[in-house]
Structures are given as structure tokens and as C-alpha cells.
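Here the structure comes first, spelled out in C-alpha cells, and everything after it is commentary.
The values are calculated or read from the model by the stated rules, or taken from the named source; none is laboratory data. Small disclaimer: the values here were computed from a predicted structure and weren't measured. Neighbour counts are summed over all protein chains in view; Cβ atoms, including those assigned to glycine, are modelled from backbone coordinates with ideal geometry. For the accessible areas, the whole protein counts, side chains as well, though only heavy atoms, and no ligand, DNA or RNA atoms are used. Shrake-Rupley method; radii C 1.70, N 1.55, O 1.52, S 1.80 Å.
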Amino acid sequence: MKKLIVVYIFLLGLFALYLFYYKSTSLNETALEKAQEGIRGNMNEKYVMVTFQAGHDYWKRALKGFEDAAGALNVSIEYRGAAQYDVHEQITVLEQVIAKKPDGIAISAIDPDKLTTTINKAIDAGIPVVLFDSGAPSSKAQTFIGTDNYNAGVMGAQEMASLLDNKGQVGIVTLPNQLNHQERVKGFLETMEKDYPGIKVVEVKDGKGSEPISRMAAKELLSKYPHLNGIFATEAIGGIGVGSAVSAVKGKNKVKIVSFDTDKPTLDLIKDGTISATLAQGTWKMGYWSMQFLFHLNHKLTADSKLGNISAPPLPPNVDTGVSVITKKNVGDFYGQ
């Protein structure tokens, strides 16, 4: 009899454990389902990416990241941009986007000051805005996602110094009104002055985001400074123009070029030796995290007093998406990305 009671108690214990396990599993599955539902939107939500020089290859990876994040979140996106390197055209495009009242806007700003009023207009209208690639720090946008551009300028200076054996004359072709390029030039200049006193930066010229103008700027540098050893181009279009000028006037491999980005023409110029190195940015990550952050702002999953939520954790003010150096040795790894 006692053995039978022990068996019954044992069986009841097993049954109780089964019920506990079943209930716990069900609760966990329900919590997981709710969590998964909580980070998904619906296709009626629309988020917009706004750039400039909209047809350029540079934006393709950023847009792909934006699309990939939108697919994971089950929301819709749109891509808009100024066709030219023109701040007034970008302001007009942004005004048009704001009028359609999207659920969020990710923008790369041509000019850090002239875009601020329009960016603030969107935020004051309750539209989340994040900045990527090129910022506008005086605006009310909460976060910037992109390259640590000062550090990228430091890396450009280090690469140039290595190419020139720490001595020579260098020119710069840049976009002086755009914040990310200002920071690249500053990092380059300060690093040369501090760490490489044998290298003199002779002049900084405006390439205006144009291949022909950058080519002309490089030709002027080559003519004015016959002993020029290197040119630092802070963006891809300028690098292509500089490469064309160096090839035509001085011949390949005589003047070292350090450029930016990984569009196919730039990679081709590295492959044939015209450009010595380029700095690859994390453009896919810029687009991906821009979309994620906009979704969090729109769904009040992060703190934003302008959007009526101050209790959740805030977004980081800056997200560094990283830089890597591409030379002839590793250029093949970057085709097709």
C-alpha cells in the first residue's frame, strides 16, 4: 500500500512539473510573439531618404541598407534627392517631402546651416528626422549616423604620408561648404602639421562636387606647384576628376592620390594605379540604422521630447559607421558591394 502511495505521489509530481513547464513555455512564446509584433510596422507607414546628386552610385549602398531595414520592419520607403549639387534644390525637395507628411525622414545635408530651418520645420511638424553621411548639428535632429570624418581625414593623412615617405608637397580638392568634408580636411591638415612636418599642404581647392571642376582644380595645382607630390580628394567625384588630371598632365604614379568611397570608376582607377588609395565608408550601415532609428522615433520607442516621449532611452547622438583603406592589394574585394 505504501509503495502505491509513493507511486501516486511521484506521478502527481511529474504531472505538476509538466503543467509548470507547459505554462512557462506558453508565456514565453506569447511574450516573444508580442516582442516580435512590437518591432514591426505596416506597409502604410512611409519613410523617406533625401540626398543630393541623386543619380550617383555612392548612394546605392545607403539606399540598400534603408531598404533592408524597411523590409525587416514591414514598412514602405521612398527615395528622393536633388539632381544636382545644389542646396536650394535640396531644400525644395525636402519641403515637398514634408508636405506629404511621411512617418520619418533620413537626410544627408549639403549645407549644415542652410538646411537647418527646413529640417527643424519637419521636426516641429511631428516628423522624425535623422541625419546621415553629412550632418547639420545646429538642427533639432537627434542623431547623426555616418563616418567619423575627422578620423577619416587623419587616416587619409597617414596613408598619404606613407605613400610619400613623410616628405613632399600636397594639395586638397574638397567641398568646403559641406560639414563632413570640412571635418575630413581638418583631420588631414592637423595630422600633417602635428605628425608629418616634412609634408607641406600647399593649397585647398573647391571641386564643387563636379568631375570637370575637380579636374580643373587639380590641373591648376599641378601647374602652380610643379613639385607637387600628392592630392587628397575628399569625395569620389572629385577623386575621379583629380585622377583624370594627373593621368593627362603628369602621367600615372607620379602624383599620389588618396580619395574617398568605392564607386566603380574609383575602384577602376585604383586597379590601374591612377589612384593610390581610397577610404571606404560604411554606407550600408548609414542607411540601415537611419531606418531603424526613424522607426523607433515614430513608434515612441526612444526618448524624444518633440515627439511626446521622454521616458524611453534616448538615441545615441552619433553613430560611427567606420572607414577602411582600399589599395591595389585589396581592391578586388570591393567590386560588387
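Any idea of residue 40's accessible area? Nearest 10 Å², probe 1.4 Å.
Residue 40 exposes around 110 Å² with every protein chain in place.
Using a cut-off of 15 Å between beta-carbons, work out the net charge of the residues near residue 89 (Lys and Arg +1, Asp and Glu -1, residue 89 not included).
Taking every Cβ under 15 Å from that of residue 89, the sum is 0.
Which order do you get for 203, 67 if you rank them by accessible area with a 1.4 Å probe, largest at the top?
On the way: 203 45, 67 85 Å².
These residues rank, largest area first, as 67, 203.
Excluding residue 146 itself, calculate the net charge of residues whose Cβ lies under 15 Å from the Cβ of residue 146, where each Lys or Arg counts +1 and each Asp or Glu counts -1.
-3
Which entries in the list 64/100; 46/140; 219/254; 100/208 go over 25 Å, if you measure between the two C-alpha atoms of each?
Pairs exceeding the cut-off: 100/208.
Mind putting a number on the dipole of the range 67-161 about its Cα centre? Charges go on the C-beta only, +1 for Lys and Arg and -1 for Asp and Glu, and I need it in Debye to the nearest 20.
Roughly 340 debye for the range 67-161.
Would you list 240, 213 from the most to the least accessible area, probe 1.4 Å? Show your work: numbers first, answer last.
Values: 240 25, 213 70 Å².
From most exposed to least exposed: 213, 240.
Pick out, from 241, 181, 158, the residue whose Cα sits farthest towards the positive end of the charge dipole of the range 149-281, with +1 on the Cβ of Lys and Arg and -1 on the Cβ of Asp and Glu.
About the Cα centre, the residue reaching furthest to the positive side is 241.
Please compute the volume of the convex hull spanned by the alpha-carbon atoms of the range 149-281 and report it per residue in Å³.
For the range 149-281, the hull spanned by Cα atoms encloses 84 Å³ per residue.
For 60, 329, give me the order by solvent-accessible area with a 1.4 Å probe, most accessible first, ignoring ligands, DNA and RNA. Walk me through the numbers on the way to the answer.
On the way: 60 130, 329 200 Å².
If we order 60, 329 from most to least accessible, we get 329, 60.
Treating only the Cβ of Lys, Arg, Asp and Glu as charged (+1, +1, -1, -1), what charge dipole size does the range 121-230 show about its Cα centre? Round to the nearest 20 debye.
Here the range 121-230 has a charge dipole of around 280 debye.
Taking only protein heavy atoms and a 1.4 Å probe, what accessible area per residue, in Å², does the range 158-293 have with all protein chains in place?
That works out to 40 Å² for each residue.
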